[in-house]
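Worksheet for the structure shown next.
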Amino acid sequence: MHAVHVRLADGTVRTGFDAWRRILAELDGWRWLARAAGLPGFKQVGRVSYSLMARNRHRFRVGGT
């Protein structure tokens, strides 16, 4: 419940920011972001940002009033 998990075809599991990168890599129109997110610096910032967002996800409201 603390992070997104993705199981790849070969059985390996990715979690958190690395899982989101893998998901984006499979979506048309988002592959560029998956590649950019793998660059040095971006990857480290992404992992820290993902961790902060995941820990505080209950504070974010999506849709509704």
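Each value in this text was obtained by applying a stated rule to the coordinates, not by laboratory testing. In this text the structure is predicted, and so the values were computed from the model without any measurement. Cβ: placed from backbone, ideal geometry, glycine included. Neighbour counts: every protein chain shown.
Do any chymotrypsin sites (Phe, Trp or Tyr not before Pro) in the range 22-65 lie in a DSSP loop with no more than 16 other beta carbon atoms within 10 Å, and if so, which? All intermediate terms of the calculation are to be shown ahead of the outcome.
Details: sites: Trp30, Trp32, Phe42, Tyr50, Phe60; in loops: Trp30, Phe60.
When the chymotrypsin sites (Phe, Trp or Tyr not before Pro) of the range 22-65 are filtered for loop state and at most 16 Cβ neighbours within 10 Å, Trp30, Phe60 remain.
Work out, step by step, the length gained on full extension between Lys43 and Ala25: first 0.36 nm times the residue separation, then minus their alpha carbon distance; give nm to one decimal. Before the final figure, lay out the partial values.
On the way: separation 18, 0.36 × 18 = 6.48 nm, distance 1.44 nm.
Gain in length upon complete extension: 5.0 nm.
Distance from the Cα centre of the range 34-65 to that of the range 1-16, in angstrom?
That distance is 16 Å.
Which of His2, His58 has the fewest other C-beta atoms within 10 Å, and how do the rest follow up to the most? Could you put the intermediate results ahead of the total?
On the way: His2 10, His58 6.
Listed from fewest to most nearby Cβ atoms, that is His58, His2.
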